[in-house]
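The next block holds one structure in the form of structure tokens; read it before the comments.
The values are calculated or read from the model by the stated rules, or taken from the named source; none is laboratory data. Values in this document were obtained by computation on a predicted structure and should not be read as measured data. Heads up, the Cβs are rebuilt from the backbone with ideal geometry, glycines too, and the neighbour counts pull from every protein chain shown. Quick note on the areas: whole protein, heavy atoms, side chains included, nothing else; ligands and nucleic acids left out. Shrake-Rupley method; radii C 1.70, N 1.55, O 1.52, S 1.80 Å.
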Amino acid sequence: MKKYLLILVGVCLFNVFAHAQTDTSKHKKIVNNGRFYGSWGYNHEWYTKSNISVNQPQLNNNFTYEDLNAHDRVGWNNLFHVQPTIPQYNYRIGYFFDEKQLWGIEISFDHTKYVVWQGGNSPIKGTLNGRQVDTTININNSTLYWQLNNGANWFDINITRKLPIYASHDNKVVLYGLVKFGIGPNVPHVSDEIFGNWNNGHFQLGGWNTGVEALIRCTFFQYAYIEYSNHAVYANYSGLKVWGGNGNNGTAAQSFGAYEWIANIGFTFHLAKTEGTNTAR
């Protein structure tokens, strides 16, 4: 009798254990750790007034143009007639690294264009052709032609923080905000003519920038997304090569603030799955 009783208790314990295992497995969910994303899009900028300081020792020049106005060059009218990377564009590559997919790191590149307005007046102060000057001049091709037209070009490494807003029950549509802080180098392409001396400085490492960005991103079917972003930037340029006389390089420096609108399309996917709490994409 004891034998049969022990068998019965063993069967009952086995069933309870098996049932517990089954219930636990029903509640297992998947965490998409290591979520990767990348995007491409266009931008539009506005700039603060800026000073441009020019140093050309061989020409006895060391002066500053003050209160210059500038604009971007969007090129929407040529959008379907040129390569898609010709107008103002940007790239983003990022990675959410924590379990809840809230914190990430990102590499960004903004190809923005900076063009000094022609026709306005600007104070000029310093030494010009060996003489002290403190006057106001008209900005035109003979006094100053200044463009970062192949790019003011900001590279940044950003820390990002996701702010969840909405997710459908199957995560097919997910809406969230993203805030970023970044810093990195400028790689501008300078084209200029200063009092008749033409210079094409090509691409160069020239200073640094820092900025904050806030965006709204909507992800569809877990893999594709669109986003709209606002980006505030402070850019400081130094050591920019300008014509210095008889093949010698002069230098120029400037700094300005910028406000940028960005519209992107992108893709996203996870690099690994583990058991845990499921999170929005």
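Let's see how each residue does on (1) closer than 29 Å to Gly211 by Cα; (2) surrounded by 20 or more Cβ atoms within 10 Å (Cβ to Cβ); (3) in contact (Cβ under 8 Å) with a residue 12 or more places away in the chain:
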{"site": "Ile107", "(1), (2), (3)": "yes, no, yes"}
{"site": "Asp110", "(1), (2), (3)": "yes, yes, yes"}
{"site": "Ser122", "(1), (2), (3)": "yes, yes, yes"}
{"site": "Gly126", "(1), (2), (3)": "no, no, yes"}
{"site": "Ser142", "(1), (2), (3)": "no, no, yes"}
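The requirement of being open to solvent by less than 20 Å² (accessible area, probe 1.4 Å) and either aromatic (Phe, Trp, Tyr) or under 29 Å from Phe195 (Cα atoms) (or both) is not satisfied by Val133.
Counting only strands (runs of 3 or more DSSP E) wholly contained in the stretch 87-188, the ones carrying 3 or more residues that are touching a His at 6+ places or on another chain (Cβ under 9 Å) and under 24 Å from Trp40 (Cα atoms) occupy 89-96. Within the stretch 227-255, the set of residues being under 30 Å from Tyr176 (Cβ atoms) and of a type outside the set (Ser, Thr, Tyr) comprises Glu227, Asn230, His231, Ala232, Val233, Ala235. Checked against (1) over 20 Å from the mean Cα position of the chain (by Cα); (2) within 30 Å of Glu227 (Cβ to Cβ); (3) in a loop (DSSP other than H, G, I, E, B), Val74 passes all but a single condition, namely (1).
The residues of the stretch 192-210 that are open to solvent by 20 Å² or more (accessible area, probe 1.4 Å) and of a type in the set (Gly, Ala, Ser), listed by number, are Gly196, Gly207. Failed condition for Arg92, given (1) open to solvent by 30 Å² or more (accessible area, probe 1.4 Å); (2) under 30 Å from His270 (Cα atoms); (3) basic (Lys, Arg), with all others met? Arg92 satisfies all of (1) open to solvent by 30 Å² or more (accessible area, probe 1.4 Å); (2) under 30 Å from His270 (Cα atoms); (3) basic (Lys, Arg) except (1).
Quick one: in the stretch 148-173, of everything that is surrounded by 18 or more Cβ atoms within 10 Å (Cβ to Cβ) and at pLDDT below 95, which residue is nearest to Glu99 (Cα to Cα)? By that ranking, first place goes to Gly151.
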